[in-house]
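Right, one structure below, let's go through it.
The values are calculated or read from the model by the stated rules, or taken from the named source; none is laboratory data. Keep in mind that what you see is a predicted model, and the values were worked out from it rather than measured. Methodologically, a virtual Cβ is constructed for each residue, glycine included, from the backbone with ideal geometry; neighbour enumeration extends over all protein chains shown. We work out accessible area using only protein heavy atoms, side chains counted, and drop any ligands, DNA or RNA first. Shrake-Rupley method; radii C 1.70, N 1.55, O 1.52, S 1.80 Å.
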Amino acid sequence: GTTPVNIRGKPILSRTGGWTAAFFIFGNEMAERLAYFGLSVQMVAFMFYVMHRPFSSSANAVNIFLGISQVSSVLGGFLADAYLGRYWTIAIFTTIYLVGLTGITLHASVKLFAPSQDNCDQLSRLLGACDQPKPWQMLFLYIVLYTTGFGAAGIRPCVSSFGADQFDERSSDYKTHIDRFFNFFYLSVTVGAITAFTLVVYIQMHHGWGAAFGSLAIAMGVSNVLFFVGTPLYRHRLPGGSPLTRVAQVLVAAFKKRNTSFSSSDMVGLYELPGRRSAVKGSEKIEHTDDFRFLDKAALHLKEDGLDPSPWRLCTVTQVEEVKILLKLLPIPACTTMLSLVLTEYLTLSVQQAYTLNTRLGGLKLPVLCMPVFPGLSIFILLALYYSTFAPLARRITGHPQGASQLQRVGLGLVLSILSVAWAGVFERYRRKYAVSHDFKFRFLTPMPNLSAYWLLIQYCLIGLAEVFSIVGLLEFLYQEAPDAMRSIGSAYAAVAGGLGCFAATIVNNIVNSVTGNEVEGRPPWLSQNINTGRFDYLYWLLTVLSVVNFLVFLFCAKRYKYR
């Protein structure tokens, strides 16, 4: 069944696992997010200043890296649930991640891999007059960058699930532990992001690109060591066989019996193994539901099936219910794709906004690349105060033990993301109008001294709060609602939704540029490299409309969903 085992596959009888084991696992996710956010901001600047690539192509390359990091989670989740287990999947892919980061560090440290920097000033970069990189130099950069992204395939879907596996489901306070675990888990993610936007930026400014990327590689290496040190403490769940094979068997069996009626005289009943044992290793039996009745035909036990039927002709009720659950879960993470799209746009567009603004606060001048730290700070503060402020207040309003249900938290996050991107459109309209009226129209890399960058904090903090409510609620929702033997696949849903948002951001940007720009008429696109001649505000308002539509779809899906 679902009895936890140790690294040798022996059943665990003692209270191994728990918070001590979970904290060893937190370090791995913290290092991965440190590298993820560090590269998402630093790589755009590295490609522009060192590799002499325009902002647009640099941003698209990074968006693809972000997408690969998340969409490839399907592969990692599949391998973990089917063959390797979560522990070995994490171990293998963190090593791949470390290899990729080492390659990026090498690329940034050795002059051989970069074009000549001679006679390349700011104006030359903007005009594209600097020496361009050789094809093999860019090829090597893309290989190591996307290798790093692929390394996340086994980390994203497995670390949160493996951490949650450390708690005993039979414990009376299991739900409380799980709720707190996912909050602390995302707190570790936030610490990684804050470090990426502050310490790594500081290292880059004072010690160069090689040292900055090298610090990411060192952090990943240290986290790998800590992960392996915790090995004796971990509780493991045995892989339950290929989930995709089980899904395929249900679909094939249901198709073969598509013309068979539920009232057929040849029907023996819906097939399930007798006793407590489930046909799916690592899973409890799942009770039959009336959803997706056409899939029940895969479990129709006919006389002609015999005593030992093929699983491609007859499946158990548990196997059919697994597929139903995966289908019912799908719309919820799909609705968070829009939030990921907005987050991806902020990582690049808001940095371009910040270059035109005064980042000085009193006697402190904050580097532009540090500006995305503020969503992380808002997340950190909310998570730190969650149980002392938000949860008690929400509990009085909703009556829910955790303050709000998982889907209510996801919905609240989507509302906050709408407010964030709407404000971004309002402020960008004001910023652009100010730049044009104060003779900064063509000086888009010159900060305007009387317009503070800290107006961006409103959109940053709102999107940070949106992220913590939506993503933490979504991760907890997917872990608890997914079938026992498919929890890594369930967690991968969240990462895939995030990856699709990254790819969607690239697609939206390309469509917007092709539709809105016209070189013949001299009309710049909305996402012009000169932000003061472009119309970033129009893009933000377009995203606001799409976000509202997305939220209405979420409300429809959430209202129809029934918790297991």
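The figures follow:
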quantity	calculated
Test: residue in segment 306-327 that is in a helix (DSSP H, G or I), within 30 Å of residue 254 (Cβ to Cβ) and polar (S, T, N, Q)	yes
Selected residue (only one of 374, 380 is within 28 Å of residue 356 (Cα to Cα), open to solvent by 70 Å² or more (accessible area, probe 1.4 Å) and under 19 Å from the mean Cα position of the chain (by Cα))	380
Segment 494-518 residues that are without any contact (Cβ under 8 Å) to a residue 24 or more places away in the chain and of a type in the set (Ser, Thr, Tyr), paired with ones that are part of a helix (DSSP H, G or I) and surrounded by fewer than 22 Cβ atoms within 10 Å (Cβ to Cβ) (beta carbon under 9 Å, 6 or more apart)	516/538
Test set (1) open to solvent by less than 10 Å² (accessible area, probe 1.4 Å); (2) more than 17 Å from residue 555 (Cα to Cα); (3) under 24 Å from the mean Cα position of the chain (by Cα) - residue 354 fails condition number	(3)
Residues that are among the hydrophobic types (A, V, I, L, M, F, W, C), over 20 Å from residue 310 (Cα atoms) and open to solvent by less than 20 Å² (accessible area, probe 1.4 Å), drawn from segment 228-266	none
Residue check, residue 42 open to solvent by less than 10 Å² (accessible area, probe 1.4 Å), touching a residue at least 12 places away in the same chain (Cβ under 8 Å), part of a helix (DSSP H, G or I) and not assigned by the TED database to the domain that holds residue 494	yes
Criterion violated by residue 86 - all others in (1) in contact (Cβ under 8 Å) with a residue 60 or more places away in the chain; (2) out of contact with any Asp or Glu (no Cβ under 9 Å at 6 or more places or on another chain); (3) not acidic (Asp, Glu) satisfied	(2)
In segment 539-564, the residues that are over 30 Å from residue 323 (Cβ atoms) and without any contact (Cβ under 8 Å) to a residue 60 or more places away in the chain	542, 545
Residue match in segment 203-214 (condition: farther than 28 Å from residue 468 by Cα, under 24 Å from the mean Cα position of the chain (by Cα) and open to solvent by less than 30 Å² (accessible area, probe 1.4 Å))	yes
Given (1) aliphatic (A, V, I, L, M); (2) outside the structural domain of residue 27 (by the TED database); (3) touching a residue at least 40 places away in the same chain (Cβ under 8 Å), index of the condition residue 189 fails	(2)
Conditions (1) assigned by the TED database to the domain that holds residue 503; (2) in contact with a strand residue (DSSP E or B) (Cβ under 6 Å, 6 or more places away or on another chain): number failed by residue 269	(1)
Residue that is farthest from the chain's Cα centre (by Cα), among those in segment 510-564 that are among the β-branched types (Val, Ile, Thr) and within 20 Å of residue 434 (Cα to Cα)	533
Where residue 433 falls short, out of the listed (1) of a type outside the set (Val, Ile, Thr); (2) surrounded by fewer than 16 Cβ atoms within 10 Å (Cβ to Cβ); (3) modelled with pLDDT under 80	(3)
Boolean, residue 424 is in a helix (DSSP H, G or I), under 24 Å from the mean Cα position of the chain (by Cα) and surrounded by fewer than 16 Cβ atoms within 10 Å (Cβ to Cβ)	no
Long-range neighbours under 6 Å by Cβ, at least six apart or interchain, first residue on the phi < 0 side of the Ramachandran plot within segment 394-415, second among the aromatic types (Phe, Trp, Tyr) and open to solvent by 20 Å² or more (accessible area, probe 1.4 Å)	414/551
Residues (at pLDDT 80 or above and farther than 23 Å from residue 181 by Cβ) located in segment 1-43	38, 39, 40, 42, 43
The listed residue being at pLDDT 85 or above, in the same structural domain as residue 448 (by the TED database) and either part of a strand (DSSP E or B) or out of contact with any Asp or Glu (no Cβ under 9 Å at 6 or more places or on another chain) (or both), out of 369, 341	341
Output for segment 111-157, where each listed residue is open to solvent by less than 60 Å² (accessible area, probe 1.4 Å), at pLDDT 90 or above and of a type in the set (A, V, I, L, M, F, W, C)	113, 138, 140, 141, 144, 145
Any hit, segment 267-280, residues being surrounded by fewer than 19 Cβ atoms within 10 Å (Cβ to Cβ), over 19 Å from residue 312 (Cβ atoms) and small (Gly, Ala, Ser)	yes
Any chance residue 287 is in a helix (DSSP H, G or I) and more than 21 Å from residue 245 (Cβ to Cβ)	no
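Every residue, every condition in (1) among the aliphatic types (A, V, I, L, M); (2) free of Cβ contacts under 8 Å to residues at least 40 places away in the same chain, yes or no:
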{"residue": "98", "(1), (2)": "yes, no"}
{"residue": "112", "(1), (2)": "yes, yes"}
{"residue": "134", "(1), (2)": "no, yes"}
{"residue": "141", "(1), (2)": "yes, no"}
